[in-house]
Structures are given as C-alpha cells and as structure tokens.
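Enquirer: Encoded as structure tokens, here's the structure I'll be asking about.
The values are calculated or read from the model by the stated rules, or taken from the named source; none is laboratory data. None of these values were measured; they are calculated from a predicted model. Note that each Cβ is placed from the backbone with ideal geometry, even for glycine, and that neighbours are counted across all protein chains shown.
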Amino acid sequence: MNIKKQFGEGLVTNNPVLVQQIGMCATMAITTTLFNGVGMGLSVLIILTCCNVVVSAIRKIIPGEIRLAIFVVVIAGFVTIVDLLLQAYIPALSSALGVFIPLIVVNCIIIGRAEAFCQKNKVSACFFDGIFQGLGYTCVLILMCVFREFVGSGKFGGGLIDITNGLRFTLDGTGSGIQIFPSEYGAAVMNRPFGGFITLGLLMAVMQYALKKNAKKKALAERAAAEAAADKEEDE
Amino acid sequence: MLTNILAISLGAILTNNFIFSQFLGICPFLGCSSKVDTATGMGLAVVFVMGLASAICWVIDTYILIPLGLAFLETLAFILVIASLVQFVEMFLKKSVPSLYSALGIYLPLITTNCAVLGVVLLNVQNHYNFIESVVYGITGGLGFMLAIVLFASVRERIEFAEYPECFEGFSICLISAGLVALAFMGFSGMKIF
Amino acid sequence: MNGDTKKILRLTFILFVICAITAGILGVVNEVTKDTIYMQKNAKTIAAYSAVLKSDRYDPVEFDSEAFPTIDEVSKADNGSGYVVKTTFPGSQSTITMVVGVDNDLKCTGISIVEHGETSGLGANAASTAEVGVNFRAQFVGQGEDIALSSGGGSIQALTGATQTSTSVTNATATAITVVKSILG
C-alpha cells in the first residue's frame, strides 16, 4: 500500500462521500458557510486519524466478537475530546455545528474505515488513510460550501475570511466573507435543506460522470493496445 | 403543557422534520427507501427505538450523569445505551413477539448507526426537555422519519420508470428528488404553532 | 456452558476496561477544559448582558419562578441602572433564549437574542446583525409593560413573514418587564 495510491483513493477514486456514499447527514446539514465546512472537515480529519491509529494499534489484542463495541467507545472518546476542545477554544464553531459534532460518533466514515481498513493494516498505513480520507471529506465539504454560499447569498468564505481590514482569516466565525454579488439576488433556498440535497446530488452526478468517462477512456486505450498487439502478432 | 406537547409533535413531524429539515438519519433514509414495504418496516423500527432511547437516556442523564457531574460523558453513555438497547430489543422481540420480530428484525441492527436516534437524544438534552416532552419528541421524531421515508419510497418507485442522464444513476437522482420533497416540506415552515 | 460464561465474563471485562480508560482520559480532558468552557459561556452571557444594559457586574436576584416559568435568571446591574432578565421561551420553530434589559422605570433598555433555531431569512432575522435585525430590536428600546405588535394596538412592527417569532419576542419582553415589576414590588 503506497502513500500516493492512498492519496488518490481518499480524494477521488474512493472518496468517502462521493464514491462510498456514506456520512451524508452532516455533509448536507452544515455546508452553509465556508467556516462550518472547514471546521467540520478538520474535526472529522483529526478524529478519523486518531481513531484509525488507535484501532490499528489495538487490532491484535481486541476480541473479534466485541470489536464494534470497542470501536464505538474509542470513537466516542475522541469525539468528546474534540467537542470539549472546540467548546473551550473555538466556541463559535461549536455553536455553529451544534449537535453535529457529537453526531460524528455515528458518522459511518469513521466506523467504516475502522472496520474495513484499520483491522487489517499497519499503524502507519492507517495514519495516512485517516489523513487522506479526512482530506477527501473536507474537500467535498468545501466544494459544497463554496457552491451553496455563492449561489445562495453571493458570498465566498463567510465566517472564515474577513476583508473589512484587509484580507485576514478569522477563527471566531465573525468574518463577513467576500461579497461577490448582492445577497438580494442570491437564491436563498440554497441555504435551506433543499440546497443541501441538490448540491450533493449534482456533485455525485459530476463525479460519476468523470469516473465513467475515465473508465471508458482506459478501456478504449486497453482495447487499442490489445488490438495493436494482436496486429503485431499477425504481422509476424 | 398540552399545547407545548402538541407544538413539539407538530414540529418534529412536519416543520422540523428529522430528514427534510434537520438532516438526521439520511443514510438509512436513502438505503431503505427503495420499496414502500421496507420503508414502512424501517420507519416503525425507528419510531420504536427512538421512543425507548429517549426515555432511557433521559433517566440516565437526569439521575446518573448530571448528579455525578459526568455530563461530559453524555455522548459516550448515550451511544452505548442505544447500541445495547437495540441488541436487547432484538433479543426480546425474537423470543416474545416473533411476528413483530420478523417484520422489524432485519432493520434493528441498522438503527445503531442511525444518527436520528443519537440525534434525538442529544437534542432532548440540548432543549432541556422533561421526561414526557423527551418521550413525545422521540416518538414524534420517529413518526416524522417514517412519514419522510414512506413518502420518499413512493417517489423512488416512480423514479425507476423515469428517464434521466446515465451519470445521475443511484444516490444522485435520489438526492435530487429528496431535495424536491424537502422543498415541499419547506411549505410547513410557514405554519403557525400556537 | 461454563466455558461460555467464562468467555462472556472475559469479554465484558475487556469492554469494561476500555470504557474505564476512555472515561478516565475524558475526565482529564474535561478537567483541563472545564474552566475555559465555563468562561467562554459566561463571556457570551456577559457580552449579551452588557449589550442591553451597561454594567461591570451583574448579581442574580431572587424571583418567583413558579409564577414566571419562562424566566431563567434575573440579575441586578451593579451600577443600579436596572435589571437584566434572561428568558427562554418557544418561538415559531424553536426555543429562543433572549436577554432583556429593564431600567428602574420599567422601560426596556434593549433586547439581545442569545440562542435560537428560527427559520433563516424569516424568523432568524430577529437575531441577525444585519440592518433588518438591528432595526427590529431597536423598536423595543423604551417600551413599557404594555408593549405589543402594531397589529395588536402597540407600536412594534413585526418582521416580514415572521409574525409568530415577532409575537413571541414581544410577549417575552412584556413578561420580562412584569417580572422586574414584581421584584421592585
């Protein structure tokens, strides 16, 4: 298992949201501003990496019958730690994400990776898997946030970027974002649940289109290569 | 008191529907909605477990965790309670009510990772509901989930005969149709609740 | 059978140990973050308090919680300018937590919505920092116990498309003034 392959899998070919199609609740619920998206993505990335490492480290000593229960306890532990830290140091993020931080416990991405990957792999591989899968998740969140925020209220980077006194990043969620067009012309419905469903649906369609096209291209190239080889044989 | 309970129920079923406005329980919603029968089964199981989990977790939170100052263990305790509750209900139904077990049995294990169940318990704590309000919120939240999943299953049965671009196949077209149903549910948000 | 029991006991023990370790670690993290969380929460409340009634300190005072179930807390401003009332009440879609400042003449000095889950773009405007929210809240300053929406004979203009939220906020303000009245006797 090499790192480059894992990177590609996490971000594109085995992306947790777009390809594995899991962990969709939070994906649709919180992607209204870039601040929420980046915050949620990084929280999941940290929790996923920690859980992956721990699960992989203890994989040989835990009995198979109760492995799921143990995974859940480990995950709940890390989630609570992140929850407490956010409440203490980034309260704005904690109140913006609300119940979706503790709900990371039942996010299938984490338990799914523990079950499918970390049980069989070394700690180092699991560490990178956590980072890349987490990055894949974060990228999807960011894409959705950018799209929904732009169409919905004509903004970019709400909460995270502040341009009133020159460009700077705000960690307390107060940044006003960059207004690209007046928010009156935005489709406010994109900030509502409807926008979440539609955006994720479209994103998945684009992904499937790209993957299918890629697969077709590959198949064509293989066939061409095979034909060329066959021709060559005939020539000889 | 009564108006409060009515407000909670209407809110949980229509205006703040778990699926269409709070995004809780999307995975089983998409996974189990291909047929109306399975959707009904899943919905019933969720109503059952959400009601029970709300009651038990309220008791544990109020009489054990908060008096001991262990409120930070809420998430951990709740998920363990839900997981063991689901196991227990499954065993109990198998032994005592086999007819109900054969109807709900296969859906029960899936419920542990249904974020609507953990979500409703956490929301009960967040909204400072008392025992009755918690149970009502749990049951009506489950009913809202059931309404959503059954409605959507009927929509999906029609999608099968629809023509759409190839790349929208699978969850993609489902999400977009779910978005349209959510748009319809948005109509309820203008509704006055007392 | 004996072997089975032994196995179950062993599994339970392992699970218990893992739970205990996790709980222990969480206890430590909780201990470390507890004070910061408390301060963060307090800072939010104090910021909300001073937004409606300026003072350096606020001391909680007794009130009849049986008669006013929606009132969470009444605090007296240390500089004697009046009282701050924290109240939680049902809005249109959610429970709203609001802070109301009341001066000694039983006039509202301002309101600030601390927490809510109202419909964004409609009821949520009541708490928004945009012009529409600021203007809405500004109407409450100087209102007395007889505060009411314009449709109910008062002077508060309801938010567009959010009559329910506006009504709840108005009524809660009236209740807050009443509770202060009962304290001043």
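Enquirer: So, in the range A:42-68, exactly how many residues are within 23 Å of residue B:29 (Cα to Cα) and touching a Ser or Thr at 6+ places or on another chain (Cβ under 8 Å)?
Expert: Qualifying residue count for the region: 1.
Enquirer: Restricting to the range B:8-37, and then to whatever is farther than 18 Å from residue A:191 by Cβ and polar (S, T, N, Q), can you tell me which residue is surrounded by the fewest Cβ atoms within 10 Å (Cβ to Cβ)?
Expert: Among those residues, the one meeting the criterion is B:34.
Enquirer: Right, something else. Identify, by number, the condition in (1) at pLDDT 90 or above; (2) in contact with a Ser or Thr (Cβ under 9 Å, 6 or more places away or on another chain); (3) among the aliphatic types (A, V, I, L, M) that residue B:86 doesn't meet.
Expert: Only one criterion in (1) at pLDDT 90 or above; (2) in contact with a Ser or Thr (Cβ under 9 Å, 6 or more places away or on another chain); (3) among the aliphatic types (A, V, I, L, M) is unmet by residue B:86, namely (1).
Residues checked against (1) touching a strand residue (DSSP E or B) at 6+ places or on another chain (Cβ under 7 Å); (2) modelled with pLDDT of 90 or more; (3) crowded, with 18+ Cβ neighbours inside 10 Å:
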position: A:49; (1), (2), (3): no, yes, yes
position: A:67; (1), (2), (3): no, no, no
position: A:72; (1), (2), (3): no, no, yes
position: A:115; (1), (2), (3): no, no, no
position: A:142; (1), (2), (3): no, yes, no
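Enquirer: Please return the ranges of strands (runs of 3 or more DSSP E) entirely within the range C:39-150 where 3 or more residues are among the aliphatic types (A, V, I, L, M). Walk me through how you get there before you give the answer.
Expert: On the way: elements: C:58-61, C:71-77, C:82-90, C:95-103, C:108-115.
Output list reads C:71-77, C:95-103, C:108-115.
Enquirer: Which one of these does residue A:208 not meet: (1) away from every other protein chain (no Cβ under 14 Å); (2) free of Cβ contacts under 8 Å to residues at least 24 places away in the same chain?
Expert: (1)
Enquirer: Of the residues C:84, C:74, C:29, C:52, which single one is under 30 Å from residue A:72 (Cβ atoms), buried (at least 16 other Cβ atoms within 10 Å of the Cβ) and either out of contact with any Lys or Arg (no Cβ under 6 Å at 6 or more places or on another chain) or away from chain A (no Cβ under 14 Å) (or both)?
Expert: C:29
Enquirer: Would you check which residues across the range C:81-90 are more than 15 Å from residue B:128 (Cα to Cα) and in contact with an Asp or Glu (Cβ under 7 Å, 6 or more places away or on another chain) and list them? Steps first, answer last, please.
Expert: Residues of the range C:81-90 more than 15 Å from residue B:128 (Cα to Cα): C:81-86.
Hits for the range C:81-90 are C:81, C:82, C:86.
Enquirer: Name every residue in the range B:1-53 that is within 14 Å of chain A (Cβ to nearest Cβ), in a helix (DSSP H, G or I) and among the aromatic types (Phe, Trp, Tyr), in order of residue number.
Expert: B:29
Enquirer: What are the residues in the range B:168-184 that are surrounded by 22 or more Cβ atoms within 10 Å (Cβ to Cβ) and either more than 7 Å from chain A (Cβ to nearest Cβ) or not in a helix (DSSP H, G or I) (or both), if any?
Expert: B:174
Enquirer: For residue C:115, all conditions in the list (1) touching a residue at least 12 places away in the same chain (Cβ under 8 Å); (2) over 27 Å from residue B:4 (Cβ atoms) hold save one; what is the number of the exception?
Expert: It is condition (2) that residue C:115 fails.
Enquirer: Just for helices (runs of 4 or more DSSP H) wholly inside the range A:24-138: which have at least 1 residues that are of a type in the set (Lys, Arg)?
Expert: So the answer is A:67-89, A:108-113.
Enquirer: Now for a separate question. Return the only residue of B:144, B:138 being away from chain A (no Cβ under 14 Å), crowded, with 22+ Cβ neighbours inside 10 Å and in contact (Cβ under 8 Å) with a residue 40 or more places away in the chain.
Expert: B:138
Enquirer: Count, please, the residues in the range A:58-99 that happen to be of a type in the set (S, T, N, Q) and facing chain C (nearest Cβ under 7 Å).
Expert: 2
Enquirer: May I ask you to list pairs of residues, at least six apart or on different chains, whose Cβ atoms are under 9 Å apart, with the first in the range B:108-121 being closer than 15 Å to residue B:139 by Cβ and at pLDDT 75 or above and the second being acidic (Asp, Glu) and in a helix (DSSP H, G or I)?
Expert: B:121/B:61; B:121/B:74
Enquirer: Hey, another quick one. Test each condition in (1) within 14 Å of another protein chain (Cβ to nearest Cβ); (2) at pLDDT 85 or above; (3) within 17 Å of residue B:147 (Cα to Cα) for residue B:73 and report the one that comes out false.
Expert: (3)
Enquirer: Also: Are there any pairs with C-beta distances below 7 angstrom linking a residue in the range B:50-70 that is more than 20 Å from residue B:114 (Cα to Cα) to a residue that is of a type outside the set (A, V, I, L, M) and modelled with pLDDT under 90, with the two at least 6 apart or on different chains, and if so which?
Expert: The qualifying pairs are B:61/B:74; B:65/B:74.
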